[in-house]
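Colleague: Just passing along the structure, written as structure tokens.
The values are calculated or read from the model by the stated rules, or taken from the named source; none is laboratory data. This one's a predicted model, so the numbers in the text were calculated from it and none came from an experiment. As a convention, Cβ positions derive from the backbone with ideal geometry for all residues, glycine included, and neighbour counts pool all protein chains shown. What goes into the accessible areas is simple: the full protein's heavy atoms, side chains included, and nothing from ligands, DNA or RNA. Shrake-Rupley method; radii C 1.70, N 1.55, O 1.52, S 1.80 Å.
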Amino acid sequence: MATAPKEVENAIGLEEIHTEKQEPPKGQKTFTVEEAVETIGFGRFHILLFLIMGSTGVAEAMEIMLIAVVSPFIRCEWQLQDWQVALVTTMVFFGYMVFSIVLGLLADRYGRWKILLLSFLWAAYFSLLTSFAPSYTWFVFLRAMVGGGVSGHAQGLIIKTEFLPTKYRGYMLPLSQIFWLAGSLLIIGLASVVNPTIGWRWLIRVASIPGMLLILVFKFIPESARYNVSTGNVTAALATLRRIAKMNRAVMPEGVLREPTKERRGRFKDLIHPKYLRTTLQIWIIWLGIAFAYYGVILASAELLERDLVCGSAAAPVQDSGDDSEESRSPCHCRLFGPAAYQTMIISTAGEIALNPLNILGINFLGRRLSLCITMGCTALFFLLLNICTSSAGMIGFLFMLRALVSANFNTIYIYTAEVYPTTMRALGMGTSGSLCRVGAMVAPFISQVLMSASFIGALCLFSSVCAVCAISALTLPIETKGRALQVCV
């Protein structure tokens, strides 16, 4: 075979990326990974992929939601003030923010699968250590380390995205929310049983089990074929595609697998090049706002249950009827959750799946941008409605709808971000977006757990305003990814 001269592969002209390619024999057919994925189609491999990679959401949800259900207990044990309780959540997301960028860079350079495995080992290790924390300071530090590990779980979504055919991405990726919901409900259910009996430390230990079990099944999922091709490892990519075709009982495309090798991957300056600058900035704003609203709702729910903040009251907390346990009569300045509080949390959390069918329809028929604009706008509205003085059932209804809407927002922006960036910078794009969104998550505790106690309407108006800005930003995104093939390079 003859060797072709080096040629420029970078379409936006950031730098000249040279590759040496071998021309196939005259008349030899060739195909790309994108064509292979579309030809093989959806089948048993993708169901296995959905179950294993989707289950990473169970572990992530349990670790993130854990703080909401143990906050009253650590508040009592260490006699914490409001800002100290808020700082725990903030430091979790600080760890997430720092590690998200680092792990995104490493994933684009060394592989999605390796970073996903590393992140699970890291999170499980530090989560277990947290259960033995001797003091508040150690607890905060160790939970920050857990947040750093959890940030790598996003590689599971990227692997799913890079293996799914185009027409299935808008359906399968939103369904992954089921796993996050399962993790959230599981940790609340466990908390209602474990916290009053053997304590919050054992709850943390139990919560780390799903992550450990998932590590054992990662071997069934291969490295992304798109990533392997982007690094020049065509042999591994071809072996992976053949394995998928065999599992799906499908046929491979005819010819030779060919795609250019990218020598430089995961460069931050690609994200801010004029071709992607506006998209990147608007995505960052949206991610920050969505995380601010999402964790604001979760923590606000906990505050509404732990204290009597409904109708702007700052009165002493009212005990749950029928709950005369010793922990409910704790002499601490905080109020521990009773059965009714856990029940309310379960009902509101279940709202995360309520709009999933409508969200899937919106994503696939209205497009990613318009669908996100609508759900963000409705989120802004329901934050304001939460200020209406209503019954306990009415409050639960508003929280239910808010959880449904903020969940739909996350579904859509995850899909959009994974689709809009090319393979050579997809993990970095997700990593930086995830990192910026944690800024919103870091601020949320101080609004939900500190400002809300001082000014209930002020906190709600702030949440609503941020959501309105995100709705406008979503509508004006320059690229619509509905029906668009995943890009290989910039």
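Colleague: In region 162-187, what residues are more than 13 Å from Asn411 (Cα to Cα) and under 19 Å from the mean Cα position of the chain (by Cα)?
Modeller: Glu162, Phe163, Leu164, Ala182, Gly183, Ser184, Leu185, Leu186, Ile187
Colleague: Which residue is nearest to the chain's Cα centre (by Cα), if the candidates are limited to region 79-88 and must be in contact (Cβ under 8 Å) with a residue 60 or more places away in the chain and open to solvent by 10 Å² or more (accessible area, probe 1.4 Å)?
Modeller: Out of the qualifying residues, it is Leu87.
This table checks each residue for (1) within 30 Å of Phe456 (Cβ to Cβ); (2) open to solvent by 10 Å² or more (accessible area, probe 1.4 Å); (3) modelled with pLDDT under 90.
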{"residue": "Pro253", "(1), (2), (3)": "no, yes, yes"}
{"residue": "Lys262", "(1), (2), (3)": "no, no, yes"}
{"residue": "Arg267", "(1), (2), (3)": "no, yes, yes"}
{"residue": "Asp270", "(1), (2), (3)": "no, no, yes"}
{"residue": "Tyr276", "(1), (2), (3)": "no, no, yes"}
{"residue": "Thr280", "(1), (2), (3)": "no, no, yes"}
{"residue": "Ala300", "(1), (2), (3)": "yes, no, yes"}
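Colleague: Of the numbered conditions (1) of a type in the set (A, V, I, L, M, F, W, C); (2) at pLDDT 85 or above; (3) within 30 Å of Met172 (Cα to Cα), Ile74 satisfies every one except a single condition; which is it?
Modeller: Here Ile74 meets the rest and fails (3).
Colleague: Something else: Tell me, yes or no, whether region 252-266 has at least one residue that is assigned to a helix (DSSP H, G or I) and either under 24 Å from Leu103 (Cα atoms) or touching a helix residue (DSSP H, G or I) at 6+ places or on another chain (Cβ under 7 Å) (or both). Quick ask: steps written out before the conclusion?
Modeller: Initial filter on region 252-266 (assigned to a helix (DSSP H, G or I)): none.
The answer is no, given that none of the residues of region 252-266 is assigned to a helix (DSSP H, G or I) and either under 24 Å from Leu103 (Cα atoms) or touching a helix residue (DSSP H, G or I) at 6+ places or on another chain (Cβ under 7 Å) (or both).
Colleague: Tell me the residue from Leu428, Leu384 that is part of a helix (DSSP H, G or I), of a type outside the set (Gly, Ala, Ser) and farther than 28 Å from Glu34 by Cβ, please. Give the derivation first.
Modeller: On the way: Leu428 fails: farther than 28 Å from Glu34 by Cβ.
Within the list Leu428, Leu384, the selection yields Leu384.
Colleague: Taking the stated definitions as given, is Leu51 surrounded by fewer than 21 Cβ atoms within 10 Å (Cβ to Cβ) and at negative phi?
Modeller: yes
Colleague: Considering only region 374-392, how many residues are surrounded by fewer than 17 Cβ atoms within 10 Å (Cβ to Cβ) and not hydrophobic (A, V, I, L, M, F, W, C)?
Modeller: 3
Colleague: With farther than 30 Å from Tyr421 by Cα and modelled with pLDDT of 85 or more as the only criterion, which of Val229, Val217, Val140 stands out?
Modeller: The match here is Val140.
Colleague: Taking Ile457 as the residue in question, decide whether it is open to solvent by 10 Å² or more (accessible area, probe 1.4 Å) and not in a helix (DSSP H, G or I). Outline the logic, then answer.
Modeller: Numbers: open to solvent by 10 Å² or more (accessible area, probe 1.4 Å): yes; not in a helix (DSSP H, G or I): no.
No; evaluated as a whole, the condition is false for this residue.
Colleague: Give me a count of the residues in region 338-355 that are closer than 18 Å to Tyr171 by Cβ and open to solvent by 10 Å² or more (accessible area, probe 1.4 Å).
Modeller: Residues that pass the stated criteria total 3.
Quick grid of which residues meet (1) modelled with pLDDT under 60; (2) more than 18 Å from Leu384 (Cβ to Cβ); (3) not in a loop (DSSP other than H, G, I, E, B):
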{"residue": "Leu288", "(1), (2), (3)": "no, yes, yes"}
{"residue": "Ala291", "(1), (2), (3)": "no, yes, yes"}
{"residue": "Tyr295", "(1), (2), (3)": "no, yes, yes"}
{"residue": "Cys311", "(1), (2), (3)": "yes, no, yes"}
{"residue": "Ala315", "(1), (2), (3)": "yes, yes, no"}
{"residue": "Asp320", "(1), (2), (3)": "yes, yes, no"}
{"residue": "Asp323", "(1), (2), (3)": "yes, yes, no"}
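Colleague: Next question. Would you mind stating whether Met97 is open to solvent by 20 Å² or more (accessible area, probe 1.4 Å), in a helix (DSSP H, G or I), touching a residue at least 24 places away in the same chain (Cβ under 8 Å) and under 22 Å from Ser433 (Cβ atoms)?
Modeller: Taking the combined requirement at face value, the residue satisfies it.
Colleague: Here is a list: Met395, Met425, Met452. Which entry is open to solvent by 10 Å² or more (accessible area, probe 1.4 Å) and either within 25 Å of Gln177 (Cα to Cα) or modelled with pLDDT under 85 (or both)?
Modeller: Exactly one residue qualifies, and that residue is Met395.
Colleague: Identify, by number, the condition in (1) farther than 24 Å from Gly149 by Cα; (2) buried (at least 16 other Cβ atoms within 10 Å of the Cβ) that Ala207 doesn't meet.
Modeller: That leaves (1) as the condition not met.
Colleague: Ala133: under 17 Å from the mean Cα position of the chain (by Cα) and open to solvent by less than 10 Å² (accessible area, probe 1.4 Å), yes or no?
Modeller: Against the criterion (under 17 Å from the mean Cα position of the chain (by Cα) and open to solvent by less than 10 Å² (accessible area, probe 1.4 Å)), Ala133 does not qualify.
Colleague: Here is a follow-up. Please state which one of Ala182, Ala123 is buried (at least 22 other Cβ atoms within 10 Å of the Cβ), in a helix (DSSP H, G or I) and of a type in the set (A, V, I, L, M).
Modeller: Ala123
Colleague: From Val150, Val234, grab the single residue that is open to solvent by 30 Å² or more (accessible area, probe 1.4 Å) and either within 27 Å of Val37 (Cα to Cα) or touching a residue at least 40 places away in the same chain (Cβ under 8 Å) (or both). Step through it out loud before you land on a result.
Modeller: Numbers: Val150 fails: open to solvent by 30 Å² or more (accessible area, probe 1.4 Å).
The unique qualifying residue is Val234.
Colleague: Given the criterion assigned to a helix (DSSP H, G or I), open to solvent by less than 50 Å² (accessible area, probe 1.4 Å), under 27 Å from Ala427 (Cα atoms) and small (Gly, Ala, Ser), identify the matching residue among Ala191, Ala239, Ala245. Write out each step before concluding.
Modeller: Working: Ala191 fails: under 27 Å from Ala427 (Cα atoms); Ala239 fails: open to solvent by less than 50 Å² (accessible area, probe 1.4 Å).
Matching residue, one of Ala191, Ala239, Ala245: Ala245.
Colleague: Can you work out which of the residues in region 100-120 that are open to solvent by less than 10 Å² (accessible area, probe 1.4 Å) and touching a Phe, Trp or Tyr at 6+ places or on another chain (Cβ under 9 Å) is modelled with the lowest pLDDT?
Modeller: Here the answer is Asp108.
Colleague: Only one of these conditions is not met by Val256: (1) touching a residue at least 24 places away in the same chain (Cβ under 8 Å); (2) under 26 Å from the mean Cα position of the chain (by Cα). Which number is it?
Modeller: Just one mismatch for Val256, condition (2).
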